[in-house]
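Colleague: Submitted below is the structure of interest, expressed as structure tokens.
The values are calculated or read from the model by the stated rules, or taken from the named source; none is laboratory data. Values in this document were obtained by computation on a predicted structure and should not be read as measured data. Every residue, glycine among them, receives a Cβ derived from its backbone with ideal geometry; neighbour counts consider all protein chains shown.
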């Protein structure tokens, strides 16, 4: 035994001197979409999905560098797979799974609604699908945003006039309040924030929910394949712990 230890000691000492691979810093991309992700003056972001992502990376011991990056640019970076890049709050789709890794869910949307003119009264019990079949309806949709698989499937068959605008949500809200459109799309989270923001025109707007629109899709942290499965497993374990703590 002593002889074995004596011969093995040089190897152990040599192993101790080998350089340990440094944990790569993840570039954590986000784009501003209140109340999910809001830029902070101190750097980074806060919000419904940003806060959960930050806690998960911290619990997993994975260093991050926040980067404010347009949504389409984020997808291009992850597809290129040139760096250790992750993005906050994305829906998991088969197209994205072809080139990116996804964490377990960090948030589930509360569903999609319309913010509409108060004077517009659709028939009681109307579904979103029925409203989208109305070719006299004028709707606003923030270009670049997605509202989950159900809504996307219905938009392709819509007869309503849908204006895909690059303007921000508060600007679209003012257009609806001024009567320049009948309604605009929003998640319930966005709608509740916008309707209490002082931009709603003192009762000029209403929130419309629909029986055919259930809970929204889940949001995830999406990463380039270069990040690797091992890091994603650490991240998933941290997210699971955060979920358990939140349920206590």
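Colleague: Can you name every residue in segment 61-92 that is in contact with a helix residue (DSSP H, G or I) (Cβ under 6 Å, 6 or more places away or on another chain) and either in a strand (DSSP E or B) or at pLDDT below 95 (or both)?
Modeller: Once the filter is applied, which keeps residues that are in contact with a helix residue (DSSP H, G or I) (Cβ under 6 Å, 6 or more places away or on another chain) and either in a strand (DSSP E or B) or at pLDDT below 95 (or both), segment 61-92 yields 64, 85, 87, 88.
Colleague: Specify which of the listed residues (219, 225) is loosely packed, with under 15 Cβ neighbours inside 10 Å, modelled with pLDDT of 95 or more and in contact with a strand residue (DSSP E or B) (Cβ under 9 Å, 6 or more places away or on another chain).
Modeller: 225
Colleague: On to the next question. Would you check if residue 184 is touching a residue at least 40 places away in the same chain (Cβ under 8 Å), closer than 24 Å to residue 34 by Cα and in contact with a strand residue (DSSP E or B) (Cβ under 8 Å, 6 or more places away or on another chain)?
Modeller: Here the answer is yes, as residue 184 does meet what is asked.
Colleague: Right, another one. Filter segment 150-181 down to the residues that are over 17 Å from residue 37 (Cα atoms) and assigned to a loop (DSSP other than H, G, I, E, B) and list them by number. Even if it seems obvious, please write down each step before you answer.
Modeller: Quick first cut of segment 150-181, residues over 17 Å from residue 37 (Cα atoms) only: 150-167, 171-181.
Matches in segment 150-181: 156, 157, 158, 159, 160, 166, 167, 178, 179, 180, 181.
Colleague: Tell me, please, whether a residue that is modelled with pLDDT under 95, assigned to a helix (DSSP H, G or I) and within 13 Å of the chain's Cα centre (by Cα) can be found in segment 52-60.
Modeller: no
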